[in-house]
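Enquirer: One structure follows; several queries about it will come next.
The values are calculated or read from the model by the stated rules, or taken from the named source; none is laboratory data. What you see is a predicted model; the values in this text were computed from it and never measured. Cβ coordinates were reconstructed from backbone atoms using ideal geometry, including for glycine residues, and neighbour counts include every protein chain displayed. In case anyone asks, the SASA skips ligands and DNA or RNA and just uses the protein heavy atoms, side chains included. Shrake-Rupley method; radii C 1.70, N 1.55, O 1.52, S 1.80 Å.
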Amino acid sequence: MRQLAITVNGEVRTADVEDRTLLVEFLREGLGLTGTHVGCDTTQCGACTVIMDGQAVKSCTVLAVMAEGAEVRTIEGLADGDRLHPLQDAFSRHHALQCGFCTPGMIMASLDVIERHGADLDAQTVRHELEGNLCRCTGYHNIVKAVLDAAGRGSPR
Amino acid sequence: MTAQRQAPLPDGWAYDASTVDAGVLNAELFSEIGKPLRRREDHRLVTGKGRFSDDFSIEGQLFAAMVRSPYAHARIGAIDKAEAEALPGVVAVLTGQDALDDGLTAINHSPVPSTRFDVRLTAPDGSPPFIGPHLLLPVDKARHVGEAVAIVVAESRAAALDAAEMVDVAWEELPHVIDSLDAIKEDAPTLWDEVPGNTFVDCEHGNPEATKAAFEEAATVVRAKLHINRVTAVTMEPRAALADYDAETGRSTLYAGSGGAVRQKRELSAVLGIPQDDLRVLSYDVGGNFGARNRVYVEFGLVLWASRRLQRPVKYTASRSEAFLTDYQGRDLHTEVALALDADGKFLAMTADNVSNVGARCVSLSPLSKGAGLITGSYHIPVAHLRTRAVFTNTMCTQAYRSSGRPEVTYAIERLVDLAAIETGIDPIELRRRNLLAPQDLPYRNAVGSLYDSGEYEANMDRAMALFEWDDVGRRRADAKARGKILGVGLANYVESSIGTPKERAEITVAPDGAVEVVIGTQPSGQGHETSFGQVVADMLQIPAADVTIVLGDTDRVSVGGGSHSGRSMRHAGTVMVMASADLLRVARDLAAERLDLAPDALDYADGTFTARGTNRSVTLADLSSEQNPLSVARTNEMHAPVFPNGTAICEVEIDPVTCQIAITRYASVDDVGRCINPLIVHGQSHGGIAQGVGQAMWEDCAIDPESGQPLAGSLMDYGLPRIDTMPFFDVEISEVLSPTNPLGIKAGGEGGTTPALATVTLAVLDALRPLGVTDIAMPITPQRIWQALDTAAATPKEKAPA
């Protein structure tokens, strides 16, 4: 056990962790930030995606100790008070979520995609970039629409 | 039984305004129903504030891990717990014998569908079938890989998992059987001594003599042997449960997402042998269901039992590997079908021999039963003969999975129709047109007894073809060819049944501030009940949808309720909410009349307010409610009549003949869902339904090695889920032919996306590959399967290939 300090959503947070503790366990169990989900054990589903030092990472595949001193942004840190982030708002308007379990990871991964591609984003790029985030409910149709809309690319359909 | 056009609806089927006490609904007054309202659920879910089962934790909780069978079939000898118990942090290791000693009993899944209109399924001798008792932990033998035989409880999850590996079970491996067609062979290993030969359901339906006669005089007969492969739901949220025991009150609380908390409470309290009131089940946000969560899981009972024994909270969360091994799975039907046609291409008769693989014990016969009632699909087939069998094998149990039973039989009939088109030389669309039921044929009793309520089947097909730009397929085909790709199109018509648990209850309360609360017993897992149910109650009470809050998933609030399955929720909840709303307005009218000192019929009601006719004196619903005397009604309804959603879907694929990769380039569908309450939600349901059907057709497969009995798809790396880069955009439209069976005219939405998709994908691939000599291909249609099919076709002399 050791005490670890990670900046999460702008605040320095500390918790006692074992060396084997995963970043997602630190977030969920250490800090009670249960918006980040665990949907698999092989880094396939992407439900645990968070932003770490500006990059989307699957927090089930990062040891908490590797994130020491890092800046981590989770789904809980996206909205501005009651005002949703444009991506959160687009997901809702386009009905890009049903059960909502994959949604936090999908939104955090999309945030990264939009930041990297900006106005160049198109449907094919969205599909290519989000290939590592699984959703079982939506058939992805409305997710692609929401991401393009949030990126300012309008709606393709 | 013979098919019957314009069959009368039986007593109690047709919506009767007088028995429902709701009057005839005036659709012109609807202002919220039919609107694509954004969901009320979304805010918490997009901000990370959802309440999924594993999100709950209680101070001092323990963690459970399971000791699972590594064998498909093995006798359980001595279980040595000593080494596991000695590990630090381990609190208890419990076995099936401990559970028996504590008086725990088997889960009563009641797997035989029992509404008045389900196809009856019995044992070969006509008696109720033996289903294989489902103890939380078996004591005699393990009957499938992954079956839990002991539970370890420890201070941490890691400690529990470490200890589970140290539990030493003296296994005696037994011969196993995986495939149902192997299990019915004479020398097959027997799973249950009570059912030698493994076949525990064997029934016949329809009219064997008339069918035989029709086949004898047929101009054309086509046959097919098909396997609708085993798949699994892969809910993105693995199942999880947290049990808490309050020694002072003797009550347990279970935080566990499911398909309906009321059922969980009823069946789990029975397993534990405690009064129902001593168990509270909470099912808040549920990360996908698709049928897999409808039945009770042993782990839910185990954490409850352990927490009562140890007097501490106990939590269990399945890993994805455990989910692949032990989530209730779906499909796995062998069907042998034949269709007889006359010289004009009119269908004369059909036979089907359906064998369902239920796994190691029977938790649900819904797939077999549902499919049995729909073998003739959307077509007029005067007579049919059907045999239905259900068989035990050494595999995980199967259960209703997204559109239980219907994709299987839709796949079968549409494959047959396609074969018939080839055999007779009649254009496949024209052949369908000649045999589709016409609107005036409905209500229609099909040859196995199902009574279709309403629909415009041919109009669905025409509309879907227009949406798909069917007339342009030739050009697209040539265009694909120019790019070195082979294009194929596949069309399937479907009709399905939505039945479901018949009972539902609604409690509606108006608070003094005007807020309306509705308690209902369905259980959404993404279908947006909090939004769409609000739309219904809002219109019934003529108030804004934003004023209505829906309460679900807490058995301390919800006393009766059938949960969500079989597309039942909107129809059953909608109906009982209409009835309860009418009750509420009646009670309120009397109160308002008293308040205004007038006769009840001297009042007009509009927009939440009673007004004395011709005056400006009025009282609102809120005025009639107080903290001491809230304005409140409760209504329970039992409704057996099924409904028959229907539609047409069309898939276009492009195949790369070099790599054998398949890309779906276009997918269109028209779904008759009856009245659509919220089109945004219904379209979303269709999209997801299509993806699940396409997934089964193209990638998904619970592959099991027949030699060892070992499941080969144990993670998302070896089970092919639809991904965002393998799915197209969909062109889906809704048709609203109202059902005559319920006040809102609702059928069901969502499952209609899945039902025809197995057929559309397969037919599209066959359409593409037929010129190359490929006439059959099994699901999932992977590039390897295409390569093999092309290879086999190339090696087959041309003259032997069918014309």
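Enquirer: What distance in nm separates the simple spin-label points at A:Gln55 and B:Arg251, each placed 7 Å from Cα in the Cβ direction?
Expert: 5.1 nm
Enquirer: So, one more: Expected output is a single nm value to one decimal: the length gained when fully extending between B:Val658 and B:Glu194, i.e. 0.36 nm times separation in residues minus the C-alpha distance. What is it? Can you show the working numbers first?
Expert: Details: separation 464, 0.36 × 464 = 167.04 nm, distance 5.27 nm.
Length difference between fully extended and current span is 161.8 nm.
Enquirer: Mind checking the dipole of the protein assembly as shown: about its Cα centre, +1 per Lys or Arg Cβ, -1 per Asp or Glu Cβ, Debye to the nearest 20? Present the calculation step by step, with values, prior to reporting the outcome.
Expert: Details: 87 positive and 128 negative charges, 248 e Å.
About 1200 debye.
Enquirer: Compute, for B:Leu161, the solvent-accessible surface of its heavy atoms (probe 1.4 Å) with the complete set of protein chains present, and express it in square angstrom to the nearest 10.
Expert: Its heavy atoms expose roughly 80 Å² to the probe.
Enquirer: Send over a whole-number figure in Å² for the accessible area per residue of the protein assembly as shown, probe 1.4 Å.
Expert: On the way: 34140 Å² over 960 residues.
I get 36 Å² per residue for the protein assembly as shown.
Enquirer: Next question, about the same structure. For the charge dipole of the protein assembly as shown, defined by +1 on Lys and Arg C-beta atoms and -1 on Asp and Glu C-beta atoms about the Cα centroid, which residue among B:Ala74, B:Pro8, B:Val510 has the Cα displaced farthest towards the positive pole?
Expert: B:Pro8
Enquirer: Ordering A:Met1, B:Met166, B:Met579 from largest to smallest accessible area (1.4 angstrom probe), what's the sequence? Kindly include the intermediate steps, with their values, before the conclusion.
Expert: On the way: A:Met1 170, B:Met166 65, B:Met579 5 Å².
Per-residue accessible area, sorted high to low, gives A:Met1, B:Met166, B:Met579.
Enquirer: Counting other C-beta atoms within 10 Å, and keeping those with at most 13, which DSSP coil GluC sites (Glu not before Pro) do you find in the range B:30-121? Walk me through the numbers on the way to the answer.
Expert: Numbers: sites: B:Glu32, B:Glu41, B:Glu59, B:Glu83, B:Glu85; in loops: B:Glu32, B:Glu41, B:Glu59.
Hits after loop and neighbour filter: B:Glu59.
Enquirer: Just to be sure I understand the model, the point goes 7 Å from the Cα along the line to the Cβ. What's the resulting B:Asn26 to B:Ala78 distance in nm?
Expert: Simple spin-label model gives 8.1 nm for this pair.
Enquirer: Next up: For chain B, what does the relative contact order come out to in percent, with C-alpha contacts under 8 Å and a separation of six or more? Numbers along the way, then the final one.
Expert: Values: 2014 pairs, mean separation 132.8, N = 803.
After rounding, I find 17 percent.
Enquirer: Another question, then. Suppose every K and R has +1 on its Cβ and every D and E has -1 on its Cβ; what is the size of the dipole of the range A:86-150 about the Cα centre, in Debye to the nearest 20? Numbers along the way, then the final one.
Expert: Details: 5 positive and 8 negative charges, 57 e Å.
Value, rounded to 20: 280 debye.
Enquirer: What's the buried accessible area, both sides, between A and B using a 1.4 Å probe, rounded to 100 Å²?
Expert: Values: alone 8330 and 30170 Å², together 34140 Å².
Result for this pair: about 4400 Å² buried.
Enquirer: Say a paramagnetic label sat at a point 7 Å from the Cα of B:Ala482, along Cα to Cβ; which residues of the range B:647-662 have their backbone N under 18 Å from it?
Expert: Answer for the range B:647-662: B:654-655.
Enquirer: What dipole magnitude, in Debye to the nearest 20, does chain B give about its Cα centre under +1 on Lys/Arg Cβ and -1 on Asp/Glu Cβ?
Expert: The dipole of chain B has a size of about 780 debye.
Enquirer: May I pose another question? For the range B:412-543, what's the relative contact order in percent, using C-alpha pairs closer than 8 Å and at least 6 residues apart?
Expert: Details: 70 pairs, mean separation 14.3, N = 132.
Worked out over the range B:412-543, it gives 11 percent.
Enquirer: Would you kindly state how much longer the chain becomes between B:Ser127 and B:Lys346 on full extension, computed as 0.36 nm times their sequence separation minus their alpha carbon distance, in nm to one decimal?
Expert: Numbers: separation 219, 0.36 × 219 = 78.84 nm, distance 3.79 nm.
Value of the extension gain: 75.0 nm.
Enquirer: Okay, moving on. Let me cross-check A:Val62: its accessible surface, 1.4 Å probe, with only protein heavy atoms counted, in Å² to the nearest 10?
Expert: Near enough 10 Å² of accessible area.
Enquirer: Using Cα-Cα distances under 8 Å and only pairs 6 or more residues apart, what relative contact order does the range B:703-797 have, in percent? Kindly include the intermediate steps, with their values, before the conclusion.
Expert: Working: 42 pairs, mean separation 11.3, N = 95.
Averaging sequence separation for qualifying contacts and normalising by length gives 12 percent for the range B:703-797.
Enquirer: Right, here's the next one. Can you give the net charge of the other residues whose Cβ lies under 10 Å from the Cβ of B:Val633, counting K and R as +1 and D and E as -1?
Expert: Numbers: positive: B:Arg586, B:Arg635; negative: B:Glu507, B:Asp583.
Local charge sum for B:Val633: 0.
Enquirer: Here is a further query. What GluC sites (Glu not before Pro) does the range A:37-88 have in DSSP loop regions with at most 14 other beta carbons within 10 Å? Present the calculation step by step, with values, prior to reporting the outcome.
Expert: On the way: sites: A:Glu68, A:Glu71, A:Glu76; in loops: A:Glu68.
Sparse-neighbourhood loop GluC sites (Glu not before Pro): A:Glu68.
Enquirer: How shielded is A:99-111 by partner chains, expressed as the average number of their Cβ atoms within 10 Å of its Cβ atoms?
Expert: Numbers: counts 19, 18, 14, 4, 8, 5, 1, 2, 4, 1, 0, 0, 0.
The shielding value for this peptide is 6.
Enquirer: P(r) for the range A:86-150, please, calculated from all Cα pair distances in 5 Å bins and given in %.
Expert: Taking every Cα pair in the range A:86-150, the percentages come to 4, 20, 37, 28, 10, 2, 0.
Enquirer: Going from the alpha-carbon gyration tensor of the range B:501-638, what semi-axes, largest first and in whole Å, does one get by taking the root of 5 times each eigenvalue? Walk me through the intermediate numbers first.
Expert: Values: eigenvalues 168, 35, 34 Å².
Gyration-tensor ellipsoid for the range B:501-638: 29, 13, 13 Å.
Enquirer: Give me a comma-separated list of calculated 3J(HN,Hα) values for the range B:68-80, in order, Karplus coefficients 6.51, -1.76, 1.60 applied at θ = phi - 60°, integers in Hz, x for any Gly or Pro.
Expert: Couplings: 10, 6, x, 10, 6, 7, 7, 6, 8, x, 5, 10, 8 Hz.
Enquirer: Given the -39500 (n - 2.57) contribution per DSSP H run of 4+ residues, what per-residue ellipticity at 222 nm results for the protein assembly as shown, rounded to the nearest 500 deg cm²/dmol?
Expert: Details: 25 runs with 261 residues, N = 960.
The helix-only estimate for the protein assembly as shown comes to -8000 deg cm²/dmol at 222 nm.
Enquirer: Take the alpha carbon gyration tensor of chain B, find the square roots of its eigenvalues, order them as a ≥ b ≥ c, and report rounded if a/c is under 1.5; if not, report prolate when a/b exceeds b/c, else oblate. Display every interim value, and only then the final one.
Expert: Numbers: a/c = 1.74, a/b = 1.08, b/c = 1.62.
The shape class here is oblate.
Enquirer: How large a share of the accessible area of the protein assembly as shown, in percent, is made up of carbon and sulfur atoms when the probe is 1.4 Å and the other protein chains stay in place? Walk me through the intermediate numbers first.
Expert: Values: 16460 of 34140 Å².
Reported share for carbon and sulfur atoms: 48 percent.
Enquirer: Another question about this same structure. Among the GluC sites (Glu not before Pro) in the range B:691-799, which ones are in a DSSP loop with at most 13 other Cβ atoms within 10 Å of the Cβ? Mind listing them? Could you put the intermediate results ahead of the total?
Expert: Working: sites: B:Glu700, B:Glu707, B:Glu733, B:Glu736, B:Glu751, B:Glu799; in loops: B:Glu700, B:Glu707, B:Glu736.
Sites meeting the loop and neighbour criteria: B:Glu707.
Enquirer: Could you work out, residue by residue across A:30-39, how many beta carbons of other chains sit within 10 Å of that residue's beta carbon, and then give the average as an integer? Display every interim value, and only then the final one.
Expert: Numbers: counts 0, 0, 2, 1, 9, 9, 1, 9, 7, 10.
For this peptide, the per-residue mean of nearby foreign Cβ atoms is 5.
Enquirer: Would you work out which of B:Trp192, B:Val177, B:Val231 lies farthest towards the positive end of the dipole of the range B:111-233? Charges go on Cβ: Lys and Arg +1, Asp and Glu -1.
Expert: Final value for the positive-end residue is B:Val231.
Enquirer: Considering only B:Ile662, B:Thr620, B:Ala697, whose Cα is most displaced toward the positive end of the charge dipole of the range B:615-702, charges sitting on Cβ of Lys, Arg (+1) and Asp, Glu (-1)?
Expert: B:Thr620
Enquirer: If each of A:Ala119 and B:Leu310 carries a label point 7 Å out from its Cα toward its Cβ, how far apart are those two points in nm?
Expert: 5.9 nm
Enquirer: Considering the zone a paramagnetic label at B:Tyr605 would reach in this model (a point 7 Å from Cα along the Cα-to-Cβ line), which residues of the range B:530-553 have amide N under 16 Å from it?
Expert: Under cut-off, by backbone N: B:536-544.
Enquirer: Taking a point 7 angstrom from the Cα of B:Glu173 along the C-beta vector, which residues in the range B:698-741 have backbone N less than 19 Å away?
Expert: B:704-713, by backbone N distance to the label point.
Enquirer: Take B:Asp54, B:Asp168 and sort them by solvent-accessible surface of the protein heavy atoms, 1.4 Å probe, largest at the top.
Expert: On the way: B:Asp54 45, B:Asp168 90 Å².
Ranked from most to least accessible, the order is B:Asp168, B:Asp54.
Enquirer: Need one value for A:70-78: mean number of C-beta atoms belonging to other chains within 10 Å of its residues' C-beta atoms.
Expert: Mean shielding count: 2.
Enquirer: Stretched out fully, how many nm does the piece from B:Ile58 to B:Asp597 gain, at 0.36 nm a residue minus the Cα gap?
Expert: On the way: separation 539, 0.36 × 539 = 194.04 nm, distance 5.46 nm.
Net length gain for the segment: 188.6 nm.
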